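Single-structure report; data block below.
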Amino acid sequence: MLRYMLKRLMSLVLSLAVASVVIFAVIEVAPGDPASFMLGVNAQPDTLAALRAELGLDTSKAQRYVNWIGGMLRGDFGTSYTYRTPVSQMIADRLWVSLPLALYALILSTLIAFPAGIYAAARRGKPGDLAVMGATQLGIAVPNFWFAMMLVLIFAINLRWFNAGGFAGWEDGFGPGLKSLTLPAIALALPQAAILARVMRSSLLDILGEDFMRTARAKGLNPRQALWRHGVRNALIPVLTIIGLQFSFLLAGSIIIEQVFYLPGLGRLVFQAISARDLIVVESVVMLLVFAVITVNFLVDLAYAAVDPRLRGRT
Amino acid sequence: MSLLLIENLSVVIHDQPILDHVDLSIAPGQIVAVTGESGSGKSMTALAAMQLLPNGAVCQGSIQLDGQEMLDQSEAELCALRGASVGMVFQEPMTALNPVRTIGDQVMETILIHKAMSPAQARSRAQEVLSRVGLPSDRFPMSRYPHELSGGQRQRVVIAMAIALRPRLLIADEPTTALDVTTQAQILRLLRDLVTEYGMGLLMITHDLAVVGEMADDIVVMRKGKVVESGKTQHLLRHMRHPYTRMLFEASGHQVALPEPPPPQALLEVKNVVREYTLPRKRLFDPPGRHRAVDDVTFTLSRGERLGLVGESGCGKSTLTRAILGLENIQGGQISLGGQSVFAVKKTNMAVRRKMQVVFQDPFGSFNPRHRVARLITEPFHLLEVPPAGSEKQDRIAEMLTAVGLSPDDANKYIHEFSGGQRQRIAIARALIIKPELILFDEAVSALDVSVRAQILDLLADLCAAYGLTYLFISHDLSVVRTITDRVMVMKAGRIVEQGETERVFSDPQHPYTRDLIAAAPRLPAMDVSASVASPLLES
């Protein structure tokens, strides 16, 4: 088990290293001068020169890479060109919105998907199954921003239970912050839950056909007991894979939802930085997202091993 | 009184008749074997007795366990019976256990689900049954997971689960079919001992008549959902009233007459071949371990000779086969066919490769279901520099299909339209179509029913006479190898431990391992040949 973890950890570090080189190369080394790209075609020569000096474009590429990585390791992500504030501060602020939102949505999606998927699998072909499958079809087909607008319409405008947008912050405690994230989290969770429920159902159906499920029945377990004691845990592997992918998506891919609810999240930060051609911010946020994705994959790998003993001895 | 009494049992699944008025009874301490070919309904009979039939099954008639009518029980009552009064052992030990739970846990579950004991008592009972089936906890801790055990050991765990509550009736569905002969002998002995020890009734489902003859007190022969004959083993074997029974027994021991092989002239030469695998390191900086799957193997196969290769699973038979086909790199030694090496510097030598073909075990998995037979059997043509085309190609297809006993019209059909035996004929046609110098049969008849197997063996003998085949016949089934080969090699742990003329090796084995193998293989009971009428193969 320890060897498995070490091996996974090594691959995590390696992936990060490779990813950082790729990101750096794409943004800094790609043809064209980052400074002139950031300032546009009509830039004044002296502004351009000043930016070039600020970006350190006069030093070698290798030197710039080392500076960039070194700075990030120290928590110094550089200074945003457009906002003139430290990028680390900007990212930290946004992360306090995006990370809780992603986790919140993921928890909701899992809470909806697991029971729905298991329920449908246990009643394969019966009305309950068909109803769940129909609902998930709808969940996948309808875009999340439409859910978002419907939620605002019903719960914010008509019922006035929630605010239609904005983020209350965590300063006043857990409650208000969580409340302002609830509608966005639901909007994000519904399509994800639909996918996850389908994966759970089909994975569980595969398991229900396995020989050991019949063995369980021959021991005297009723179908329900067999499903819970022998089915669910075996069905988790593909489900964990999807959960990992979904978390990565939720962290960065919620731009539209952030836009609808006017949340200061990472997605909007990237979007604004790209529009403003603020490469320093883009570079740092992308690296951070890569870090998050790779870390999540590492955690998923650990979860695999926790679920399936056959993977523990493997390298 | 009967422990299990099945009377007039008919089962219909989605309007499809599965069982038709089946009668069967088992007394305590008695072993009853239900036998028959695939589709005869023998497994369904076992599942019906457990009331674990597939969804949509409707039972009529009566199944009485200890005088209690199973068909009248509610699902909850049945759950209380299953595992406690009736235990069941399945065919596939590799998949019959939950891979993510420990063996101790799974054995204890049988006890705990019936609330028969406290968890502590259940634990010690689980320990006790596991050591009874040959898995003492000092060597096989209950914290082991199924994947850490061999097939035979897993089957012992399944048996332990089934007998944990000392059921009065044990149902075993092909319990040894997936196991090696020596393991099979051990498991059969264990089952027999348990029956005497606990006074259980044992309902054993098996297609293997040799196993039936050795184990059963009573035999029930089934065909297409009906019982065609049943009775005391000794009596039934002596009298065999139904032609189907007789056909089954004759097909099981089917002998073929191979034409005399031509004088020896080396075709395939395998010299000191070594195939090694690197094992994962035990510790981070240890040198990686090595596993020799094929260890210094040397033999020669002459033109026109039929050579057998026997050994238990994991002995390296298949690895050697793949190496001969050039599908597997070797770390030492040389393989050459007709003087030319199979490997041409790191790659397979195509000039040699087109002289060899292979027939695999699984008649269902070894064809692309989306291609028509004509395309399937002409696949080896891509090995040729100038593949036949046009009418020449059509003629070859027609010739081959006729040679294997099919019709040229079958060329336009898809593979799902054929039975297992017919598919294996198509596989043979595919191997023959480029007139290879050597054919490898890798367990080519192991998945077939006895009657079909007998027909395929006859076909091979005919093809030997017509085309002068040279082949390497790999099988774990000693009786088949005995009749279909001139010479045989016995492989153990990557090494050839004995080789020689087939009859000589079987009648006078020299190596202790060969002797063990032959002793472990169950033997068909001798039949009263005089009573035989005409060839029952023809009758059916």
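None of the figures in this text is laboratory data; all of them are computed from the coordinates on show. As the structure is a computational prediction, the values presented were derived from the model and not from experiment. Every residue, glycine among them, receives a Cβ derived from its backbone with ideal geometry; neighbour counts consider all protein chains shown.
See the values below:
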item	result
Enumeration of residues in segment B:484-509 that are in contact with a Gly (Cβ under 9 Å, 6 or more places away or on another chain) and polar (S, T, N, Q)	B:T485, B:T502
Residues located in segment A:165-189, provided they are of a type in the set (A, V, I, L, M) and free of Cβ contacts under 8 Å to residues at least 60 places away in the same chain	A:A168
Residues being among the polar types (S, T, N, Q), free of Cβ contacts under 8 Å to residues at least 24 places away in the same chain and assigned to a loop (DSSP other than H, G, I, E, B) - total across segment A:62-93	1
Some residue of segment B:112-124 being among the hydroxyl-bearing types (S, T, Y), out of contact with any Cys (no Cβ under 8 Å at 6 or more places or on another chain) and within 14 Å of chain A (Cβ to nearest Cβ)	no
Those residues of segment B:260-270 which are more than 20 Å from B:T514 (Cβ to Cβ) and part of a strand (DSSP E or B), in sequence order	B:A266, B:L267, B:L268, B:E269
Filtered residues of segment A:206-264 (kept if without any contact (Cβ under 8 Å) to a residue 40 or more places away in the chain, within 14 Å of another protein chain (Cβ to nearest Cβ) and among the β-branched types (V, I, T))	A:I207, A:T215
Only listed residue being within 30 Å of B:S85 (Cα to Cα), surrounded by 17 or more Cβ atoms within 10 Å (Cβ to Cβ) and touching a helix residue (DSSP H, G or I) at 6+ places or on another chain (Cβ under 8 Å), chosen from A:M200, A:M213	A:M213
Among the candidates B:L9, B:L24, residue that is without any contact (Cβ under 8 Å) to a residue 60 or more places away in the chain, crowded, with 21+ Cβ neighbours inside 10 Å and out of contact with any Lys or Arg (no Cβ under 9 Å at 6 or more places or on another chain)	B:L9
Residue within segment A:91-110 that is of a type outside the set (S, T, Y) and over 30 Å from A:A193 (Cβ atoms) present	no
Helices (runs of 4 or more DSSP H) completely within segment A:1-61 that count 2 or more residues being aliphatic (A, V, I, L, M) and under 22 Å from the mean Cα position of the chain (by Cα)	A:2-24
Count - residues of segment B:121-153 that are over 25 Å from B:D180 (Cβ atoms) and in a helix (DSSP H, G or I)	8
Any hit, segment B:182-199, residues being more than 14 Å from chain A (Cβ to nearest Cβ), more than 30 Å from B:L448 (Cα to Cα) and assigned to a loop (DSSP other than H, G, I, E, B)	yes
Extreme residue, surrounded by the fewest Cβ atoms within 10 Å (Cβ to Cβ), among residues of segment B:341-385 that are in a loop (DSSP other than H, G, I, E, B) and acidic (D, E)	B:E385
Residue among B:V342, B:V294, B:V310, B:V256 that alone is farther than 17 Å from B:K492 by Cβ, touching a Leu at 6+ places or on another chain (Cβ under 7 Å), away from chain A (no Cβ under 14 Å) and among the β-branched types (V, I, T)	B:V256
Only listed residue being in a strand (DSSP E or B) and under 23 Å from B:Q357 (Cα atoms), chosen from B:V445, B:V488, B:V497, B:V481	B:V488
Of residues in segment B:27-48 being crowded, with 22+ Cβ neighbours inside 10 Å and touching a helix residue (DSSP H, G or I) at 6+ places or on another chain (Cβ under 8 Å), the one nearest to the other protein chains (Cβ to nearest Cβ)	B:V34
Test: residue in segment A:230-239 that is more than 30 Å from A:M5 (Cβ to Cβ) and either under 19 Å from the mean Cα position of the chain (by Cα) or of a type in the set (D, E, K, R) (or both)	no
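Yes or no, residue by residue, for (1) basic (K, R); (2) farther than 30 Å from A:N222 by Cα:
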residue	(1), (2)
A:S88	no, yes
A:R123	yes, no
A:A135	no, no
A:L151	no, yes
A:I157	no, yes
A:N163	no, yes
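Residue-by-condition table, conditions (1) more than 26 Å from B:R192 (Cβ to Cβ); (2) away from every other protein chain (no Cβ under 14 Å); (3) over 29 Å from the mean Cα position of the chain (by Cα); (4) buried (at least 17 other Cβ atoms within 10 Å of the Cβ):
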site: B:L65; (1), (2), (3), (4): no, no, yes, yes
site: B:Q68; (1), (2), (3), (4): yes, yes, yes, no
site: B:L71; (1), (2), (3), (4): yes, yes, yes, no
site: B:G87; (1), (2), (3), (4): no, no, no, yes
site: B:F90; (1), (2), (3), (4): no, no, no, yes
site: B:P93; (1), (2), (3), (4): no, no, no, yes
site: B:P99; (1), (2), (3), (4): yes, no, no, yes
site: B:V107; (1), (2), (3), (4): no, no, no, yes
site: B:V133; (1), (2), (3), (4): no, yes, no, yes
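Conditions tested, residue by residue: (1) free of Cβ contacts under 8 Å to residues at least 24 places away in the same chain; (2) touching a helix residue (DSSP H, G or I) at 6+ places or on another chain (Cβ under 9 Å); (3) assigned to a helix (DSSP H, G or I).
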| residue | (1), (2), (3) |
| --- | --- |
| B:M247 | no, yes, yes |
| B:N272 | no, no, no |
| B:F285 | yes, no, no |
| B:V297 | no, yes, no |
